[in-house]
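Notes follow once the structure below has been shown.
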Amino acid sequence: MFSSTRIFAVMVKEFTQLSRDRLTYAMILLLPIVQLMLFGYAINANPKHLPVAVMVQDHGPLARSVLQAMTNTGYFDIVEEATSSRELDHALESGKAQFTVTIPPDFSRKVVRGPDPSGLNGAPKGAQVLVEADASDPASTGPALAALSGLAQTALVHDLKGPLQPRQANQPFEVVLHARYNPENVSAYNIVPGLLGVVLSMTLVMMTALGMTRELERGTMEGLLATPVRPIEVMIGKLLPYIGIGLIQTVVILTLARVLFHVPFEGGWLALALGTALFIVGSLALGFLISTAAKSQLQAMQASFFYLLPSILLSGFAFPFRGMPAWAQAIGTILPVTHFLRVIRGALLKGLGTGESWPSLAALSAFVLVVTGLAMARYRTTLD
Amino acid sequence: MAEARRLAIDVEGLNKSFGDKRVVKDLTIKVEEGRITGFLGPNGSGKTTTLRMICGLLTPDSGSGTCLGLDILKDARRIKRQTGYMTQKFSLYDDLTIAENLMFTARVYGLDRRRERVRDALEQLGLTQRRDQAAGTLSGGWKQRLALAACVLHEPKLLLLDEPTAGVDPKARRAFWDEIHALAGEGMTVMVSTHYMDEAERCHDIAYIAYGELIARGTAEEVIAQSKLATFRVEGPGADRLAREIGARPGVEMAAPFGMALHVSGPDRGALEAAIAPWRKPPLVWTEIEPTLEDVFIHLMNRSKDNW
């Protein structure tokens, strides 16, 4: 049972205060734009041990050598052996694998026989290995793909001996690369949607964390607590204006992403909307939680940074998630930004909907519930 | 005297500690409805903590009681609805205008006829012309009057004021007190903490608290009479300069210059007279006077420190 008048009272008050604070305006609008320009092209890395799903339809020793050579580059770990191309597609789509490798049934035969010199059936076709890459994060796939292209020359050096020695002269097989989701390998495609997560965290967590502690510091909290207003009413009333701010920032960033960086919008609108809503509410609740623990604005600021730094560094925004050591990935998995990034990149770059993104959406929902519960439990109606 | 009026505040054995510091000790206090009670005591004596416990902002560690007939432990929300609490520090929003602050308060209390109430309050304050001025830009005296107006917007039955006139000039203080008396005249119970003696004298009765304990209670006259303090006033050439010398004598508790004169007092009349005997000769003129409230409070403060 709570009163909408009281929520309204807190909300209007918050709005009015916000509208008087010019620095806040700057933060709401300039932060996303400046960050977008700064990070748009800046980040790169060289991750190894990327997960690969393979489908081997040729069981000869040559095929095995190719896979062995791939693993030996250090860039690839085989995580799944698929039996159908549907399974492969699924592994790539769900993010379980970053690459898929298909070795067709006639691989060995074609290597041994060499390209058809007669030129029948169109162009001469030799042995092929098909590689599909999830290139939505080019920073993480680029070096691996470079390693792959050298493979054709070296992979079969030990196998092609004796009578087959001449087959080494030309490339014995061809690696056919197919980059999915971001075929032009544009870094910005990956960074820009990720920036949405970072900007939302920065503004929303910090602003709410500071908003409550400011009342404590200025002494207005005592006056507020002396009124019959309930904690949930204060929380809702204080957070509503910030939800609006979060939405404005989302629109600004997505518009710039489209206009300036030509980020593809593949679909998944519902997942995008749900993910954004959950993430905004969760970030606000977290800010509120920080403010119930912090005793001054300085403390609130420090606590916000304590959360923001890993959010930027370990969420897969600054560095490819798969490039991080296991312990860092474990921390990253706890952070809501990580899941938000998966939802939004999935939607914008791959067109993934709620069906595919549900694990991340569920993680975001759990975050909202836990943090809101904690914040409510910690908010005191007394000064004790 | 028969118990003619009902009690607005009736609390017993209140205790509150912060860490290992016991700020309020077994405090029992009753306040009759419609009276203005001055709440006095040195800094850090537990005045603010007591006011906060009465209005539900702090939970007492132990003790019980009622405020406006409601249990202070269980009915904090209902007490808040009928109580106006004016904090020591200005607790309205500096960056909202005068009118916006009042409107916010009206909404938070869920009042009806909000526009009307805010307009009336502004008119009463004489701030209608400045309604759109940011509250933070008001002078200290105006801030206090605005805070008071916000406190009584919901027509509370009990008004708790925590040092409302600290740092406010005498004219604004007088205006403030006239308003408090007007409110009490309408039946509101007022409890006001203060350090100013002239304000204490404007209260119907006084509660003196030191180191968390209530040590004097009653009207100003009663508190003075209870103290059994003897006081002399010395006048004559150089009288004001004798303060240190006389003050050092056993039996003299304090010797304070007042302009050209000196007030000398002590709790034991005999000992005091013996102490001042060497100076009781012309050209100095000694007259026994009624101790002022300030003399009594300093005396009470010294005494409770001795027991500490």
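The values are calculated or read from the model by the stated rules, or taken from the named source; none is laboratory data. Bear in mind the structure is a predicted one, so any value in this text is a computation, not a measurement. Virtual Cβ from ideal backbone geometry, glycine too; neighbours counted across all protein chains shown. Surface accessibility is based on the protein's heavy atoms, side chains included, excluding ligands, DNA and RNA. Shrake-Rupley method; radii C 1.70, N 1.55, O 1.52, S 1.80 Å.
The solvent-accessible area of residue A:269, taken with every protein chain present and a 1.4 Å probe, is close to 140 Å². Taking each DSSP H run with n ≥ 4 as -39500 (n - 2.57) and averaging over every residue of chain A yields -19000 deg cm²/dmol at 222 nm. The 3J(HN,Hα) values that the Karplus relation (6.51, -1.76, 1.60; θ = phi - 60°) gives for segment A:78-87 are, in residue order, 7, 10, 8, 10, 8, 10, 9, 5, 5, 4 Hz. Gly and Pro appear as x.
Mean sequence separation of contacting Cα pairs (under 8 Å, at least six apart), scaled by the length of segment A:50-180, corresponds to a relative contact order of 28 percent. Per residue, segment B:230-290 exposes 54 Å² of solvent-accessible protein surface, assessed with a 1.4 angstrom probe and all protein chains in place. Computed on chain A, with alpha-carbon pairs under 8 angstrom and 6+ residues apart, the relative contact order is 20 percent. Stokes-Einstein diffusion of the protein assembly as shown at 4 °C, 1.567 mPa s viscosity, Kirkwood radius from Cα pairs, rounded to a whole number: 41 µm²/s. If you bin all the Cα-Cα distances of segment B:230-290 at 5 Å, starting from zero, the percentages per bin are 4, 23, 35, 28, 9, 1.
Annotation: amide H of residue A:175 within the under-5 Å range of A:129, sequence separation 5 or more or interchain, hydrogens built in the peptide plane.
Solvent-accessible surface of protein heavy atoms, probed at 1.4 angstrom with all chains present, puts A:350, B:21, B:16 in the order B:21, A:350, B:16, largest first. Using equal-weight Cα scatterers in the Debye expression, the normalised intensity of chain A in log10 at q = 0.06, 0.15 Å⁻¹ is -0.32, -1.23.
Applying the criteria of a DSSP loop state and at most 15 other Cβ atoms within 10 Å to the trypsin sites (Lys or Arg not before Pro) of segment A:227-333 yields A:295. For the chain pair B and A, the interface hides roughly 2600 square angstrom of accessible area in total, found with a 1.4 Å probe. For segment B:214-293, applying the loop criterion from DSSP together with a ceiling of 14 other beta carbons within 10 Å to the trypsin sites (Lys or Arg not before Pro) yields B:228, B:280. Compared with its chain on its own, segment A:202-246 contains the following residues whose accessible area drops by 50 Å² or more in the full protein assembly (probe 1.4 Å; ligands, DNA and RNA excluded): A:218, A:220, A:222, A:226, A:228.
Per residue, chain A exposes 44 Å² of solvent-accessible protein surface, assessed with a 1.4 angstrom probe and all protein chains in place. Rounded to the nearest 10 square angstrom, residue A:15 shows an accessible area of 100 square angstrom against a 1.4 Å probe. Computed in the context of the full set of protein chains, the accessible area of segment A:232-274 at 1.4 Å probe radius has 78% of its extent on carbon or sulfur. Comparing the full protein assembly with the isolated chain, the residues of segment B:105-124 losing at least 30 square angstrom of accessible surface (1.4 Å probe) are B:107, B:108, B:109. Between residue B:32 and B:8, the built amide H atoms are under 5 Å apart, and every one of these is 5 or more places off in sequence or on another chain. Here chain B is scanned for GluC sites (Glu not before Pro) in DSSP loops (not H, G, I, E, B) that have at most 14 other Cβ atoms within 10 Å, and the longest stretch holding none of them is B:4-185. For segment B:119-168, the fraction of alpha-carbon pairs lying more than 18 Å apart is 32 percent, rounded to a whole number. The listed residues A:256, B:159 rank as A:256, B:159 when sorted by accessible area, largest first, using a 1.4 Å probe. Each helix, a run of at least 4 DSSP H residues, gives -39500 (n - 2.57); summed and divided by the residues of chain B, these come to -10000 deg cm²/dmol at 222 nm.
Taking amide hydrogens as placed 1.01 Å from N in the peptide plane, the amide H of residue B:17 sits under 5 Å from those of B:23, B:61, each at least 5 positions away in sequence or on another chain. For segment B:230-290, the fraction of 1.4 Å probe accessible surface lying on carbon and sulfur atoms is 57 percent. For segment A:50-180, the fraction of 1.4 Å probe accessible surface lying on carbon and sulfur atoms is 54 percent. Look at the alpha carbon pairs under 8 Å that are at least 6 residues apart: their mean separation over the length of chain B gives a relative contact order of 19 percent.
Interface residues of segment B:74-103, defined as those losing at least 20 Å² of solvent-accessible heavy-atom surface relative to the isolated chain (probe radius 1.4 Å), are listed as B:77, B:80, B:81, B:85, B:87, B:89, B:91, B:93, B:95, B:96, B:100. Computing FRET efficiency as 1/(1 + (r/R0)^6) for residue A:65 and residue A:109, where r is the C-beta to C-beta distance and R0 is 22 Å, gives about 0.90. Here the spin labels are modelled as points 7 Å beyond Cα on the Cα-Cβ line, and at residue A:72 and residue A:269 they lie 5.2 nm apart.
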